[in-house]
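Working notes, beginning with the structure itself.
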Amino acid sequence: MSGAGSIEEKKAIAAIYYAEHAAPMAQSMRGISPDVVYHNRPGAPTTLQLWQEREQRFRRAMTEITTTVHRQIAEDDLVTTHWTLEAVHSGTLMHYPATGRRIKMASMCIDRVVGGLVVEHWGVRDLLSVLRAIGVVEPFDPGSFAGQGGTAG
């Protein structure tokens, strides 16, 4: 059920993390509850600490971070945010050394906002595009499927 706050207020709270992603973590994560349930990978811990650790690793690997919130859709306690992050790969990401290449990562996230804080988070990020941008995964070539019994597209 819906917690206090209008739909627009909930969208604004959820947007803090995305719109202010380049700011210091204490600022960009100020709308997130200390007790947030962070749905990451099945079987992985779901704590704020895990989210912050993942965020710290990403921030060490990327500089010149900019973000764009494209759209938000909200209903009851849930806010869906479509956003994009752009940055320069300037440190180790996963185990891949810095390349100096620009990356662009689209994301779709759902946040449950209750009592003025994000209390639950789900996110899907296009890491494949990041890995392609830094050159560790080959770019997709639709023509490579020609002659294999299927159609490109």
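In order along segment 40-52, phi translates into HN-Hα couplings of 10, 10, x, x, 8, x, 10, 9, 4, 4, 4, 4, 5 Hz, rounded to whole numbers, per the Karplus curve 6.51 cos²θ - 1.76 cosθ + 1.60 with θ = phi - 60° and x for Gly and Pro. Remark: the chain carries a charge dipole of roughly 480 debye about the Cα centre, counting +1 on each Lys and Arg Cβ and -1 on each Asp and Glu Cβ.
Remark on V36: its backbone amide H falls under 5 Å from those of L48, a criterion applied only to residues 5 or more positions apart or on other chains, H modelled at 1.01 Å from N.
Note on surface exposure: E86, E64, E120, E55 rank E64, E86, E120, E55 by accessible area, highest first, 1.4 Å probe. Backbone geometry of segment 85-91 corresponds, through the Karplus equation with coefficients 6.51, -1.76 and 1.60 at θ = phi - 60°, to 3J(HN,Hα) couplings of 10, 10, 6, 10, 6, 10, x Hz, x marking Gly and Pro. For A22, the shell of other residues with beta-carbons less than 11 Å away shows a net charge of -2, using +1 for Lys and Arg and -1 for Asp and Glu. When Rg and Dmax of the Cα atoms in Å is calculated for this entry, the matching label among (1) 19.1, 74; (2) 17.5, 58; (3) 17.4, 66 is (2). When segment 1-111 is described by a simple charge dipole with +1 on each Lys and Arg Cβ and -1 on each Asp and Glu Cβ, the residue from S90, G5, T68 located farthest towards its positive end is S90.
Take M62: with every protein chain present and a 1.4 Å probe, its accessible area is about 0 Å².
Accessible area per residue (1.4 Å probe, heavy atoms of protein chains only) ranks I103, I73 as I73, I103, with the largest value leading.
The values are calculated or read from the model by the stated rules, or taken from the named source; none is laboratory data. Keep in mind it's a predicted model, so treat the numbers as computed, not measured. A quick note on method: Cβ atoms are made from the backbone with ideal geometry, for glycine too, and the neighbour counts reach across all protein chains shown. Side chains included, ligands, DNA and RNA excluded: accessible areas come from the protein's heavy atoms. Shrake-Rupley method; radii C 1.70, N 1.55, O 1.52, S 1.80 Å.
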